[in-house]
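The values are calculated or read from the model by the stated rules, or taken from the named source; none is laboratory data. Not measured: the values here are computed from a predicted model. Ideal geometry is used to build each Cβ from the backbone, glycine not excepted, and the neighbour counts take in all protein chains shown.
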Amino acid sequence: MKRLRTDALETLRSKLRRLIADDAENIDKALAYDLEAQIILNVRAGFLSIDEIAEEVMEYISEEYLEVKKHISAGALQELVKGYWDEYANTGKQENYLKLASAFRKLNEQGIVALHCAGYVQSDGFDDCNEIAADMDEDGETVIGCCFYTLQDLEHVLKEDTTKLRISFGNYFDKPTAVEIGKMIVKELEAAGFVTEWKQSVDEKIAVRDMVWDKVFETKENALF
């Protein structure tokens with residue numbers, strides 16, 4: 001994990017505290033911690049732009065801390081997010097992510113809906129996959145199963161709780177079975193160069209071992225996958 005210089009981190013935190021309160025005595029420390037964690041997670045994940053992260057943060061504040069929203073300038077929030085972005089955003093060739101994206105693309109070609117960062121929890125991921133699968137079926141496309149990892153799965157890797165990125169999966173018909181779908185996923189992941197861990201059980205996620213997350217944010221126009 002990239003470590004900030006102490007002075008840079010304290011400067012950003014000071015800006016965050018000023019952003020959410022009128023005076024130092026009225027700072028919700030729990031909120032400040034939550035917002036910082038949310039911003040850093042989304043920056044390091046590499047899927048959202050600065051504007052999109054700021055919008056998500058504002059939406060969270062509006063839902064959970066409506067009174068705090070009165071103190072916040074949208075422009076100041078974007079500037080704050082940019083500060084964390086400059087310190088935490090990945091740069092480089094994103095070799096690991098491109099291997100994962102390649103494997104997911106090949107799975108999609110085989111009728112397995114494969115999604116990156118699908119919601120925050122597993123139920124979100126299945127909802128997203130099912131919605132896409134239903135649209136594919138209506139369009140007459142072949143769809144046999146799904147797989148995805150969530151932002152929560154990615155969070156465990158980014159916080160270094162684990163080095164394994166866990167991937168959920170499922171089937172849509174009796175054949176192929178969920179286990180057979182799992183085998184197809186493992187095959188493509190290993191063909192891409194990953195080492196996997198899975199006991200061929202429908203009750204266990206497929207783990208990609210030794211994952212170092214390196215995704216670089218790309219605009220939709222420039223995205224390779």
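Brief remarks follow.
- Number of positions in segment 106-143 that are out of contact with any helix residue (DSSP H, G or I) (no Cβ under 7 Å at 6 or more places or on another chain) and among the β-branched types (Val, Ile, Thr): 2
- Index of the failed condition, TRP85 passing every other in (1) surrounded by 16 or more Cβ atoms within 10 Å (Cβ to Cβ); (2) out of contact with any Phe, Trp or Tyr (no Cβ under 8 Å at 6 or more places or on another chain); (3) under 24 Å from GLU131 (Cβ atoms); (4) not aliphatic (A, V, I, L, M): (3)
- Members of segment 178-203 that are free of Cβ contacts under 8 Å to residues at least 24 places away in the same chain and closer than 21 Å to ASN130 by Cβ: VAL179, GLU180, ASP203
- Meets criteria (surrounded by fewer than 20 Cβ atoms within 10 Å (Cβ to Cβ), in contact with a Ser or Thr (Cβ under 7 Å, 6 or more places away or on another chain) and of a type outside the set (Ser, Thr, Tyr)) for ASN171: yes
- Residue check, LYS82 of a type in the set (D, E, K, R), touching a residue at least 24 places away in the same chain (Cβ under 8 Å) and assigned by TED's automatic domain parsing to the domain that holds ARG44: yes
- Test: GLU180 is more than 19 Å from the chain's Cα centre (by Cα), more than 24 Å from PHE47 (Cα to Cα) and either among the acidic types (Asp, Glu) or not assigned by TED's automatic domain parsing to the domain that holds ALA45 (or both): yes
- Candidates GLU59, GLU55, filtered to the one that is assigned to a helix (DSSP H, G or I), of a type in the set (Asp, Glu) and loosely packed, with under 14 Cβ neighbours inside 10 Å: GLU59
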